[in-house]
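Engineer: Could you have a look at this structure, given as structure tokens, before my questions?
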Amino acid sequence: MITRAFDRSAMSWSYEMHLQPMLSASDIEGLPFGSVFGSVPGHTVSKRHAHQDGEMFIVLAGRAVVLLGDEERELGPGQVCYLSPFGFHEIRNDHDEPFDIVSVYWEHIPSAVAVLDKAPPRDQLADRTLVFCPPPTPNGGLHLGHLAGPYVRADMLVRALRSMGRDARYVTGTDDHQSYVAAAARLRGTSPVDVATAEGDAIVATLRAAGVGVDRLTRPAGDPEHAGRIRKLLDLVAASPAVTEEERETAYCPSCELSLHQAFARGACAHCEAASDGEICEACGRPNEARELTGVQCRICGTAAVTRPERALWLDLNAYADELREYLRVSSTSPDLQILVERLLDEGLPPYRLARTSAWGVDLGEGRALDAWADLALTFLDAARSESEDGGPARIALFLGYDNSFYYAVLLPVLAFAAGLGEHLPAAFVTNQFLHLGDEKFSTSRGHAVWADDALAAAGPDAVRLALLRDAPEGRVTRITEERAGRLTEDPLYLAAHAWLDGFAALGDGAVPGTGAWTDAHREFYRYLNLTTRQLDGLVLPEAFSARGYVDLLESFVRRCAEFRATEEVARRVPSLAEEARTSLALEYLAAKVFAALAWPVTPGLAERAWEWLGLPGTPVREADWSFLPSGTRCTAPAPVSALTPAASGRS
Ligand SMILES: [Zn+2]
Ligand SMILES: [Zn+2]
């Protein structure tokens, strides 16, 4: 006889609760389940998680709420609950007493797979999604590195959502009030508003040329009501007890009579020693105060900084540390963002200065302006609130570069909590690292860049988008060489898709037949069209987003379609297989329709031309289960490819 006893001293901390192994297959050979004694301490929540195992809780003592997906139920002693495979669950114990359970879990793969089959990826998409991208700073044009980060990937998501019948809105703008705009104006001898307007217009035109369709564009410098709206939100923030007015030493340039912050300060990060501007180190992602930089000097004149006391509003970020942890716990974040924020929280968040001594930005009187990042965060919340007032509640997905992590994953949430606008925060963060040019970062100041406008003019938006999505810096730094940047239309998917679509011209008179008899190969090809669609659907869930994976699969899809043609063309010439030949041809045209819908998020120009060539109305629609083109459809000659020039194509 094997016995075990509940023993709190033998428990370890795992899944954010106490656990003690009971009996499992490691104790009894062939035991088809495992079991643990578990205890969730009072006023804590166990880790939210999911697994392929089925699981059962048998409650011994205490009361707590068990959450499974959207369901929640309070359980007490003697109750038993079953948790299905892959369901996210957690235990929330709001009582003083610990919540003690026995958990029994087992793996039954057929049930786990059945759960997956019953919940295809697109069922997990919200009806309405707001896709936010950090507004670029209008102090210069966009290079390929900029586009490769959030902007094209976010557009890919918006298109994919729309093609599946979901409401999706793309929100970005220009970050006009950045100190970088004021610094550029000072160096160019012009005014910040002129820089913000001219450079901002150019940025908006570049995004449009890349087929990035923006539905809401926030441009503070050209919006006479911006300052009023943002000051109202700031009043809400300032009412928080975590905001105080304090006098602190600040870096200062006596020769320029400039308070040195952000773009105006230059030095080395005291933490990682990388060259850094004021307030944030791009290398390690940590915030700082400009005066803390090693060897801090004035960006304008190069003079070594001195300090002087300045009065300003300061926000104690630490006052919201618990709320921030809880918010990030239930949000979908990426590993790099999680590492940074957990480290910052463990180190203790520094206070954040909400007002700068500056004439540029939302004027707060007495020579002060709202800090540009606080301005940006409040602009985000203002836009998100207004979008949900106009169009109803929505799930927010935010695409962002790693260098923006602190501002979007710490400062933005804390300002939202302080202003009581927590409901308008992102539910999912989709981060990127950076695309490098050759072995180095893109650098505008050193001229080490390929400008987006030049690449778009040379190769067209489809080829540029495809290259940037294929090598998207997701979770890692990626590289593009200048040589490759000059030959973007030689991308293998770009070439293969054109060649395959071009081949339709040789298939016959462009009349789509109805299906006839099916071979096993036909049935499997049809199954493949539906399964590939589901696989690609899974790669555009904000929580599992992968542009790289998507392009890979799309390329393999085109290869499979070309293979299908190569083998079927021969079979279509066998006189006794006339009925099978009709199915074969109908499947080819169906594959073209599927391609148009699946490729639309990546190469919208090509996809729209193929869709139109097939006689289909509007923009491509991505069916969950593919229906054939009506028999008798005539695909207008010439075949799509003769019309395939790399001309600019915007979203209609
Ligand atoms: Zn100076
Ligand atoms: Zn650093």
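Engineer: If we scan segment 25-39, do we find a residue that is free of Cβ contacts under 8 Å to residues at least 60 places away in the same chain and not in a loop (DSSP other than H, G, I, E, B)?
Structural biologist: Keep residues of segment 25-39 that are free of Cβ contacts under 8 Å to residues at least 60 places away in the same chain, which gives 25-31.
Right, trim to not in a loop (DSSP other than H, G, I, E, B) and you get none.
No, the conditions are met nowhere in segment 25-39.
Engineer: So, in segment 554-592, exactly how many residues are surrounded by 18 or more Cβ atoms within 10 Å (Cβ to Cβ) and among the hydrophobic types (A, V, I, L, M, F, W, C)?
Structural biologist: 12
Engineer: Could you please let me know if F557 is within 30 Å of C133 (Cα to Cα) and in a helix (DSSP H, G or I)? Can you show your working first?
Structural biologist: Details: within 30 Å of C133 (Cα to Cα): yes; in a helix (DSSP H, G or I): yes.
So F557 fits the description; yes.
Engineer: Exactly one condition in (1) at pLDDT below 95; (2) closer than 23 Å to L468 by Cβ; (3) hydrophobic (A, V, I, L, M, F, W, C) is false for F406; which is it?
Structural biologist: Condition not satisfied by F406: (2).
Engineer: Could you please give the count of residues in segment 245-287 that are of a type outside the set (A, V, I, L, M, F, W, C), in contact with a strand residue (DSSP E or B) (Cβ under 9 Å, 6 or more places away or on another chain) and either in a strand (DSSP E or B) or farther than 30 Å from D336 by Cα (or both)?
Structural biologist: Applying the first criterion (of a type outside the set (A, V, I, L, M, F, W, C)) to segment 245-287 yields 245-250, 252, 254-255, 257, 259, 261-262, 266-267, 271, 273, 276-279, 282, 285-287.
Among the residues that remain, those that are also in contact with a strand residue (DSSP E or B) (Cβ under 9 Å, 6 or more places away or on another chain) are: 245-250, 252, 254-255, 259, 261-262, 266-267, 273, 276-279, 282, 286-287.
So of that shortlist, the ones also either in a strand (DSSP E or B) or farther than 30 Å from D336 by Cα (or both) come out as 245-250, 252, 254-255, 259, 266-267, 276-277, 287.
Looking only at that region, the number is 15.
Engineer: Would you confirm whether any residue within segment 520-527 is small (G, A, S) and more than 24 Å from the chain's Cα centre (by Cα)?
Structural biologist: We begin by selecting, within segment 520-527, every residue small (G, A, S); these are 521.
The next check asks that each one be more than 24 Å from the chain's Cα centre (by Cα); those that pass are 521.
Yes, because at least one residue in segment 520-527 is small (G, A, S) and more than 24 Å from the chain's Cα centre (by Cα).
Engineer: Does T3 satisfy the criteria of being at pLDDT below 95, farther than 30 Å from D117 by Cα and of a type outside the set (D, E, K, R)?
Structural biologist: Working: at pLDDT below 95: yes; farther than 30 Å from D117 by Cα: yes; of a type outside the set (D, E, K, R): yes.
It is true that T3 is at pLDDT below 95, farther than 30 Å from D117 by Cα and of a type outside the set (D, E, K, R).
Engineer: Still on this structure: Evaluate the following for V237: is it away from ligand 1 (no atom under 16 Å from the Cβ) and either over 21 Å from H424 (Cα atoms) or not in a loop (DSSP other than H, G, I, E, B) (or both)?
Structural biologist: Details: away from ligand 1 (no atom under 16 Å from the Cβ): yes; either over 21 Å from H424 (Cα atoms) or not in a loop (DSSP other than H, G, I, E, B) (or both): yes.
Against the criterion (away from ligand 1 (no atom under 16 Å from the Cβ) and either over 21 Å from H424 (Cα atoms) or not in a loop (DSSP other than H, G, I, E, B) (or both)), V237 qualifies.
Engineer: I'd like the full set of residues that are open to solvent by 10 Å² or more (accessible area, probe 1.4 Å) and within 16 Å of ligand 2 (Cβ to nearest atom), limited to segment 248-268.
Structural biologist: Hits for segment 248-268 are R266, G267, A268.
Engineer: Would a scan of segment 376-386 turn up a residue that is in a loop (DSSP other than H, G, I, E, B), of a type in the set (S, T, N, Q) and surrounded by 18 or more Cβ atoms within 10 Å (Cβ to Cβ)?
Structural biologist: Going through segment 376-386, the residues in a loop (DSSP other than H, G, I, E, B) turn out to be none.
No, segment 376-386 contains no residue that is in a loop (DSSP other than H, G, I, E, B), of a type in the set (S, T, N, Q) and surrounded by 18 or more Cβ atoms within 10 Å (Cβ to Cβ).
Engineer: Then there's this: Scanning for something open to solvent by 50 Å² or more (accessible area, probe 1.4 Å) and more than 15 Å from D552 (Cβ to Cβ), does segment 455-470 turn up at least one residue?
Structural biologist: Just the residues of segment 455-470 that are open to solvent by 50 Å² or more (accessible area, probe 1.4 Å), to begin with: 457-458.
Next, from what is left, pick out any that are more than 15 Å from D552 (Cβ to Cβ): 457-458.
Among the residues of segment 455-470, at least one is open to solvent by 50 Å² or more (accessible area, probe 1.4 Å) and more than 15 Å from D552 (Cβ to Cβ), which makes the answer yes.
Engineer: Which ones in segment 415-426 are farther than 11 Å from F132 by Cβ and part of a loop (DSSP other than H, G, I, E, B)? Before you say what the answer is, go through the steps one by one.
Structural biologist: Looking only at segment 415-426, we keep the residues that are farther than 11 Å from F132 by Cβ, and these are 415-423.
G420, L421 - these are the residues of segment 415-426 that are farther than 11 Å from F132 by Cβ and part of a loop (DSSP other than H, G, I, E, B).
Engineer: Oh, and also: What's the total number of residues in segment 323-345 that are within 16 Å of ligand 2 (Cβ to nearest atom) and either loosely packed, with under 15 Cβ neighbours inside 10 Å or at pLDDT 95 or above (or both)? Reasoning before the result, please.
Structural biologist: Taking segment 323-345 and keeping what is within 16 Å of ligand 2 (Cβ to nearest atom), we get 336, 339-341, 343-344.
Okay, now just the ones that are also either loosely packed, with under 15 Cβ neighbours inside 10 Å or at pLDDT 95 or above (or both), so 339, 343.
Within segment 323-345, residues that are within 16 Å of ligand 2 (Cβ to nearest atom) and either loosely packed, with under 15 Cβ neighbours inside 10 Å or at pLDDT 95 or above (or both) number 2.
Engineer: Name every residue in segment 352-373 that is open to solvent by 20 Å² or more (accessible area, probe 1.4 Å) and not in a loop (DSSP other than H, G, I, E, B), in order of residue number.
Structural biologist: Listed by number, the residues that qualify are T357, D363, L364, G365, R368, W373.
Engineer: In segment 477-502, which residues are out of contact with any helix residue (DSSP H, G or I) (no Cβ under 9 Å at 6 or more places or on another chain) and either surrounded by 19 or more Cβ atoms within 10 Å (Cβ to Cβ) or in a loop (DSSP other than H, G, I, E, B) (or both)? Walk me through it before giving the result.
Structural biologist: Filtering segment 477-502 down to residues out of contact with any helix residue (DSSP H, G or I) (no Cβ under 9 Å at 6 or more places or on another chain) leaves 477, 479, 481-483.
Across segment 477-502, the qualifying residues are V477, T481.
Engineer: Among the candidates V306, V296, which residue alone is touching a residue at least 40 places away in the same chain (Cβ under 8 Å) and within 16 Å of ligand 2 (Cβ to nearest atom)? Spell out the reasoning first.
Structural biologist: On the way: V306 fails: within 16 Å of ligand 2 (Cβ to nearest atom).
Residue meeting the stated conditions: V296.
Engineer: Which residue pairs have Cβ atoms under 6 Å apart, sit 6 or more places apart or on different chains, and have a first residue in segment 205-222 that is within 15 Å of V464 (Cβ to Cβ) and a second that is of a type in the set (D, E, K, R) and surrounded by 20 or more Cβ atoms within 10 Å (Cβ to Cβ)?
Structural biologist: V212/D155
Engineer: Does A275 satisfy the condition of being within 12 Å of ligand 2 (Cβ to nearest atom), farther than 23 Å from D346 by Cα and open to solvent by 30 Å² or more (accessible area, probe 1.4 Å)? Please lay out each step first, then the result.
Structural biologist: Details: within 12 Å of ligand 2 (Cβ to nearest atom): yes; farther than 23 Å from D346 by Cα: yes; open to solvent by 30 Å² or more (accessible area, probe 1.4 Å): yes.
Judged against the criteria, A275 is a match.
Engineer: Name the residues in segment 40-62 that are among the small types (G, A, S) and in a loop (DSSP other than H, G, I, E, B), would you? Break it down stepwise before answering.
Structural biologist: In the first step, residues of segment 40-62 are kept if they are among the small types (G, A, S); the result is 42, 46, 50, 54, 61-62.
Residues satisfying the conditions are G42, S46, A50, G62.
Engineer: Applying the selection to segment 288-322, what residues are exposed (fewer than 15 other Cβ atoms within 10 Å of the Cβ), in a strand (DSSP E or B) and away from ligand 1 (no atom under 16 Å from the Cβ)?
Structural biologist: T294, P309, R311
Engineer: Among the residues in segment 263-281, are any within 19 Å of L378 (Cα to Cα) and either within 16 Å of ligand 1 (Cβ to nearest atom) or more than 30 Å from the chain's Cα centre (by Cα) (or both)?
Structural biologist: No, because not a single residue in segment 263-281 is within 19 Å of L378 (Cα to Cα) and either within 16 Å of ligand 1 (Cβ to nearest atom) or more than 30 Å from the chain's Cα centre (by Cα) (or both).
Engineer: Right, something else. Taking interchain pairs and intrachain pairs at least six residues apart, which have beta carbon atoms under 8 angstrom, with the first residue in segment 383-398 and under 19 Å from D175 (Cβ atoms) and the second of a type in the set (K, R)?
Structural biologist: A383/R216; E387/R169; E387/R216
Engineer: Something else about it: Test of understanding: among F399, F429, which residue is aromatic (F, W, Y), modelled with pLDDT of 95 or more, touching a Ser or Thr at 6+ places or on another chain (Cβ under 7 Å) and buried (at least 22 other Cβ atoms within 10 Å of the Cβ)?
Structural biologist: Details: F399 fails: touching a Ser or Thr at 6+ places or on another chain (Cβ under 7 Å).
Checking each option against the conditions leaves just F429.
Engineer: With the checklist (1) open to solvent by less than 20 Å² (accessible area, probe 1.4 Å); (2) within 16 Å of ligand 1 (Cβ to nearest atom); (3) in contact (Cβ under 8 Å) with a residue 40 or more places away in the chain in hand, flag the one item L349 doesn't pass.
Structural biologist: (2)
The values are calculated or read from the model by the stated rules, or taken from the named source; none is laboratory data. Please read all numbers here as calculations on a predicted model, not as lab measurements. Counting neighbours? That spans all protein chains shown, and the Cβs are built from the backbone with ideal geometry, glycine included. Just the protein is used for accessible areas: all its heavy atoms, side chains included, with ligands, DNA and RNA removed. Shrake-Rupley method; radii C 1.70, N 1.55, O 1.52, S 1.80 Å.
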